[in-house]
1. Can you tell me how many residues within segment 162-182 are hydrophobic (A, V, I, L, M, F, W, C) and part of a helix (DSSP H, G or I)?
2. Among (1) under 26 Å from HIS35 (Cα atoms); (2) in contact with a Gly (Cβ under 6 Å, 6 or more places away or on another chain), there is one condition GLU175 misses while meeting the rest; what is its number?
3. Only one residue in ALA69, ALA39, ALA97 is open to solvent by 20 Å² or more (accessible area, probe 1.4 Å), over 20 Å from ARG197 (Cβ atoms) and of a type in the set (A, V, I, L, M), so which one is that?
4. For segment 178-193, give me each residue that is under 15 Å from GLY167 (Cβ atoms) and modelled with pLDDT under 95.
5. Starting from segment 160-171, keep only residues that are among the hydroxyl-bearing types (Ser, Thr, Tyr), then list their pairs with residues that are open to solvent by less than 50 Å² (accessible area, probe 1.4 Å) and in a loop (DSSP other than H, G, I, E, B) whose Cβ atoms are within a distance under 9 Å, requiring at least 6 positions of separation or different chains.
6. Which number in (1) open to solvent by less than 20 Å² (accessible area, probe 1.4 Å); (2) closer than 30 Å to ALA121 by Cα marks the one condition that LEU9 misses?
7. Answer yes or no as to whether ARG119 is at pLDDT 95 or above and surrounded by 15 or more Cβ atoms within 10 Å (Cβ to Cβ).
8. Please give the number of the condition GLY124 fails out of (1) under 26 Å from ASP108 (Cα atoms); (2) out of contact with any Gly (no Cβ under 7 Å at 6 or more places or on another chain); (3) buried (at least 19 other Cβ atoms within 10 Å of the Cβ).
Amino acid sequence: MAAAPPRRLAPGERIVIATHNAGKLREVAALLAPHGIAAVGAAELGLPEPAETEDSFLGNARIKAHAAARASGLPALSDDSGFSVAALRGDPGVRTADWAMQPDGRRDYAKAMALVAERAAATGSPDRRAWFTCVLVLAWPDGHEECFEGRVEGIWTWPPRGTHGFGFDPMFVPEGHTQTFGEMDPEAKHAISHRARAFAQLAAACLPPPQPRG
């Protein structure tokens, strides 16, 4: 039996972005806008953050997307992403946000970047390979889901450079480039990022064609 075609969103449809991360919300909303899809953040709707109990990006993305879809009655798009370092055997990886968590509940990525550099240097490994992974899950209130993964390779660098982006962007130089994600113009980053690569798959499968400008 042939696989069922992906479920698509309709032009003008409203969806929930299942994140409380303002930077991630801005990036995803900007990617959706040309397709005529209106986005609202989970925090704006007062939705709680579900516990991310899985040990994979896909597992945690599923948790967030389905929780937001059930609670809101709207389709929900979640993004689980992370920064991995070869010398740390892929850490922080799926626990990327945890490395930034502070005792008062805030996330301090400056401290998290310093911790990554310190631990990577302590291994004595000359391997500076690093990568970002992004898994997107689009879920509907009836339990249907569509899943997509994107990845971008590069190296980690220290000290961090640049003030654009968020998270670990200032310490990551993508392959074939000399600027960090934190130094790149946001549009340049969006064109090559892990999130953009996952989103391109989502757009082809589930979104209306981009709307003409003007």
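The values are calculated or read from the model by the stated rules, or taken from the named source; none is laboratory data. Just so it is clear, the model here is predicted, and its values are computed rather than measured. FYI the Cβ positions are ideal-geometry reconstructions off the backbone, even for glycines, and counts take in every protein chain you see. Surface accessibility is based on the protein's heavy atoms, side chains included, excluding ligands, DNA and RNA. Shrake-Rupley method; radii C 1.70, N 1.55, O 1.52, S 1.80 Å.
1. Applying the first criterion (hydrophobic (A, V, I, L, M, F, W, C)) to segment 162-182 yields 166, 168, 171-173, 181.
In the following step, the residues that additionally are part of a helix (DSSP H, G or I) were identified as 171.
So the count comes out to 1.
2. (1)
3. Working: ALA69 fails: open to solvent by 20 Å² or more (accessible area, probe 1.4 Å); ALA39 fails: over 20 Å from ARG197 (Cβ atoms).
The match here is ALA97.
4. First, the residues of segment 178-193 that are under 15 Å from GLY167 (Cβ atoms): 180-184, 186, 189-190, 193.
If the condition is that a residue be under 15 Å from GLY167 (Cβ atoms) and modelled with pLDDT under 95, then PRO186, LYS189, HIS190, SER193 are the ones that fit.
5. THR163/GLY182
6. (2)
7. Details: at pLDDT 95 or above: yes; surrounded by 15 or more Cβ atoms within 10 Å (Cβ to Cβ): yes.
Considered against the rule, which asks whether it is at pLDDT 95 or above and surrounded by 15 or more Cβ atoms within 10 Å (Cβ to Cβ), ARG119 comes out as yes.
8. Among (1) under 26 Å from ASP108 (Cα atoms); (2) out of contact with any Gly (no Cβ under 7 Å at 6 or more places or on another chain); (3) buried (at least 19 other Cβ atoms within 10 Å of the Cβ), the lone unmet condition for GLY124 is (3).
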